[in-house]
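In what follows, a single structure is set out as structure tokens and then discussed.
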Amino acid sequence: MNDSLKHLPQVGDVIAEREKVEAGFRDLHPPLTQRQAIIESQRCLYCHDAPCIEACPSDIDIPRFIREISEDNINGAAQTILEENILGGSCARVCPTEILCEQHCVRNHHAECQPVLIGRLQRYAIDHMHFAQHPFVRSADSGRHVAVVGAGPAGLSCAHRLATHGHRVTLYEARHKPGGLNEYGIARYKLVDDYAQKEIDFLLAIGGIEIRYGQRLGDNLDLDTLERHHDAVFLGLGLGDNRRLGLDDENAPGVATPGLLPATDYIRELRQSDDLLQLPLARRCVVIGAGNTAVDMAVQMARLGAEAVTLVYRRGVEAMAATAHEQEIARANGVRILTWARPEQVLLDHTGRLAGMRFERTELRDGNLAGTGETFEIGADAVFSAIGQCFDDHSLAEAGELARELGRIRVDGHFRTTRQGVYAGGDCIAPGEDLTVQAVQHGKLAAEAIHQDLMAQQEVA
Amino acid sequence: MKAPTRQLDVDLAIEFAGIRSPNPFWLASAPPTDKAYNVERAFAAGWGGVVWKTLGEDPPAVNVSSRYSAHFGHNRDVLGFNNIELITDRPLETNLREISEVKQRWPDRALIVSLMVPCVEESWRAILPRVEATGADGIELNLGCPHGMPERGMGAAVGQNPDLIEQVTRWCKTHSRLPVIVKLTPNITDIRAASRAAKLGGADAVSLINTVNSITSVDLDRMIARPIVGHQSTHGGYCGAAVKPIALNMVAEIARDPQSAGLPICGIGGISSWQDAAEFVALGAGAVQVCTAAMLHGFRIVEELQDGLARWMVSKGYRRLADVTGRAVDNTTDWKHLDMNFQTIAHIDQQQCIQCGRCYIACEDTSHQSIAKLAEEDGTRRYEIIEAACVGCNLCQITCPVEGCISMVPQSTGKPFMSWDEDPRNPFRELA
């Protein structure tokens, strides 16, 4: 990334007050105090067959853990959460609860219009748990060894559940830290204080899980070898590639247009940065896209000190993938949301650096998106594309017999791929919805399927 | 500076057992009425009367440190309150002087003096003239204090013995011209025995309830009940909102007891709102006393008590409290006189229902399986009453978090009124 933005000033060159910048990257939603948690927990109606549970992709018994908080049984509440979702702490922070559990809270009804703050209560329980002994135990060693590829939420969840069943797990991770999107892809103010790593330390305390870093499928790792050395393989690969704008002068592989890059690259750098003031600052910044990543990018650049941040989307706000809550955060941070326009051409200055972008106005014509022919230009120091990520086929180029669906890996109802003994879950499979909590659920259920299948094999043998 | 408002066409002033008061709200004998400073603040706030904290013989009582504890709701709302405080711990002379001064300064307010002395006539004969000399409007006999004093043969030790109630009451009527209100303890099996005894002794009125024997909670780390004195605890007197239902029943029991007919009742027990007060009055009270609510919120609550009660009375066409007193007594009866043919059935207003399922699981697990859980096509749920199975128990309505969503609808059965005495299913009908 640095190559692409190294011509830009650093944040510290423009903004003198370190404190001001750092303040913008502290907890977006400060944790509940004990008093707030108790009051909020009292609002839960302890519904029967609660709609919030149905809306939670990871099946957490929400009324139960909230009642446990209200009775000051914090460890009980934490265990209720963790036994369904071992990454319940980060999910509490990054889940779009406004479209999941909290949207389905019965206290949303018109007389009240204010759901129980389930996400923040979940965080309270996990933040305040204190176990004298690790709450999960490993079954006796099964003698089986499973490979889990990708130490993101899906892979970590799968590894943990496999470990509880007594299987040995080796996690193969391409990067140098575990966590996946929690470590590299979430807006900095949503997961602060190295929380992703602390949570993983807790998860790994179950034992029986080894992580090997710098192991990238398709480069120094291949499926055949993994299958030979393990009793089963779980693929939690995530989405390794970014969709391209499809414009002239857009970065071809190996050719960078200074000032034009995927938002995920910048966010990764921002998350890993020890010194925010050394980050490149795009004083005039354009973000193309309409999802939560686009909003994360726009808001973070605004908080770093950008003067003008514009988010451009080819359709109307009602079609934006970013939740209403996220859009509100964007507006509150001064991000201008410009709809019904699509990128037409990258504008370069005489040195070949990005100087802005030309957009064409769009409209719906017979239900289809069409350009109106009218164009306008926005001057920018950098343009970040956040129009979605996609599965990086390179990683499985050699694994021909692994069927795909909608550009991702096809699995059955038990997360089995078309290749015997190979399972997959998280964003890399076809029904993936790009939600951390769903990846955790996939990993958990895939682990159960792997366990069942391994036990069945044992019986046959 | 507030704008002048229209005067409500209602008169809250009362005359209770010969005692006049500008409104029916009195502070009960308790810490808030222990000395002139508090009582004058109460009068300034608008209280119609006070019952001065119980006087006894010198030397004054001595109190322990740590005196109150509470039964909390999950949100630290105080459901019930408990105290182990004794009667006044100030010299008799000091109290009498202050009572006299306060009465002179606030002549329009009711000032009643609570008394507790040993159960011998001489003690009562000695103290009564001194109280009368202060100009106080009446006396209240503390025959109910459940902690500390009974161990010395006073308080509830007297109030639990109808013969002693009658005796002490008669002494007071003999040796004083002041109206005598007998305060009753709820820590007995039948409150009517106490009120009948008071009436026989010549009491001008009864007031009830005094506090209920209680332990509010236990410190599970130290294994000591609360309130904690050092490393110990003792049972105390329970009051506050949680005792209201107990008090209402006891007031009603006396109000509908022919043997206590005509005996004025001052209602006490968990009154925190004008509705609570109106309920006591409806069940027979001619005045009410408040303590815990004032201790939790301060004296200014009397403004809302008066205003709420007055507006409600206007809305119902009542001009004075006496119009309300006892209105609900005739509708309170023994179980056997209830209509066996009455049938009510729950109805769920689907527009208001928030689909929490609380009514369903309550009925399904613990009652009559009279609520069906249906899934709509759009995935939302719908709860409906199975009318044929509903016995009209009210549980669903009680557990519903949305007030007004579940209503109990009386059914027209076409059957006449039939009491249990008339019911052919009553095996003892012939005897009745």
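The values are calculated or read from the model by the stated rules, or taken from the named source; none is laboratory data. From a predicted model like this one, the values you see are computed outputs, not experimental measurements. Cβ sites come from the backbone with ideal geometry, for glycine too, and all protein chains shown count toward neighbours.
Let's see how each residue does on (1) of a type in the set (Lys, Arg); (2) within 14 Å of chain B (Cβ to nearest Cβ); (3) under 30 Å from residue A:439 (Cα atoms); (4) not in a helix (DSSP H, G or I):
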residue	(1), (2), (3), (4)
A:12	no, no, no, no
A:16	no, no, no, yes
A:19	no, no, no, no
A:27	no, no, yes, yes
A:32	no, no, yes, yes
A:52	no, yes, yes, no
A:59	no, no, yes, yes
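Being modelled with pLDDT under 95, over 27 Å from residue B:257 (Cα atoms) and of a type outside the set (A, V, I, L, M) is true for just one of B:364, B:303, B:376, B:384. Which residue is that?
On inspection, the qualifying residue turns out to be B:376.
Within region B:349-367, how many residues turn out to be over 14 Å from residue B:404 (Cβ atoms) and either at the interface with chain A (Cβ under 9 Å from one of its Cβ atoms) or surrounded by fewer than 15 Cβ atoms within 10 Å (Cβ to Cβ) (or both)?
Counting residues in region B:349-367 that are over 14 Å from residue B:404 (Cβ atoms) and either at the interface with chain A (Cβ under 9 Å from one of its Cβ atoms) or surrounded by fewer than 15 Cβ atoms within 10 Å (Cβ to Cβ) (or both) gives 10.
Restricting to region A:89-116, what's the tally of residues that are more than 14 Å from chain B (Cβ to nearest Cβ), closer than 19 Å to residue A:38 by Cβ and surrounded by fewer than 22 Cβ atoms within 10 Å (Cβ to Cβ)?
Of the residues in region A:89-116, 0 are more than 14 Å from chain B (Cβ to nearest Cβ), closer than 19 Å to residue A:38 by Cβ and surrounded by fewer than 22 Cβ atoms within 10 Å (Cβ to Cβ).
So residue A:124 fits all but one of (1) within 14 Å of chain B (Cβ to nearest Cβ); (2) part of a helix (DSSP H, G or I); what number is the exception?
Going through (1) within 14 Å of chain B (Cβ to nearest Cβ); (2) part of a helix (DSSP H, G or I) one by one, residue A:124 breaks only (1).
Check whether at least one residue in region A:348-355 is of a type in the set (S, T, N, Q), surrounded by fewer than 24 Cβ atoms within 10 Å (Cβ to Cβ) and in contact with a strand residue (DSSP E or B) (Cβ under 8 Å, 6 or more places away or on another chain), and report yes or no.
No - not one qualifying residue is present in region A:348-355.
Quick one: is residue B:38 part of a loop (DSSP other than H, G, I, E, B) and assigned by TED's automatic domain parsing to the domain that holds residue B:155?
no
Check B:346, B:388 and return the single one that is without any contact (Cβ under 8 Å) to a residue 60 or more places away in the chain and away from every other protein chain (no Cβ under 14 Å).
B:388
In this structure, is residue A:146 among the hydrophobic types (A, V, I, L, M, F, W, C), crowded, with 21+ Cβ neighbours inside 10 Å and within 14 Å of chain B (Cβ to nearest Cβ)?
No.
Filter region B:368-385 for residues that are more than 14 Å from chain A (Cβ to nearest Cβ) and β-branched (Val, Ile, Thr) and give the result.
Hit for region B:368-385 is B:385, nothing else.
For region A:61-76, indicate whether the set of residues that are more than 14 Å from chain B (Cβ to nearest Cβ), more than 26 Å from the chain's Cα centre (by Cα) and without any contact (Cβ under 8 Å) to a residue 40 or more places away in the chain is non-empty.
Taking every residue of region A:61-76 in turn, at least one turns out to be more than 14 Å from chain B (Cβ to nearest Cβ), more than 26 Å from the chain's Cα centre (by Cα) and without any contact (Cβ under 8 Å) to a residue 40 or more places away in the chain.
Go through A:3, A:72, A:27, A:61 for me and flag whichever is over 29 Å from residue A:272 (Cβ atoms), modelled with pLDDT under 95, not assigned by TED's automatic domain parsing to the domain that holds residue A:426 and not β-branched (Val, Ile, Thr).
Among A:3, A:72, A:27, A:61, only A:72 is over 29 Å from residue A:272 (Cβ atoms), modelled with pLDDT under 95, not assigned by TED's automatic domain parsing to the domain that holds residue A:426 and not β-branched (Val, Ile, Thr).
Is it the case that residue A:30 is over 28 Å from residue B:363 (Cα atoms) and out of contact with any strand residue (DSSP E or B) (no Cβ under 7 Å at 6 or more places or on another chain)?
Yes; evaluated as a whole, the condition is true for this residue.
Give me the pairs: first residue in region A:27-46 and over 13 Å from residue A:128 (Cα atoms), second residue buried (at least 18 other Cβ atoms within 10 Å of the Cβ) and hydroxyl-bearing (Ser, Thr, Tyr), beta-carbon distance under 6 Å, and six or more apart or on different chains, which are they?
Qualifying pairs under 6 Å: A:28/A:189; A:41/A:70; A:42/A:70.
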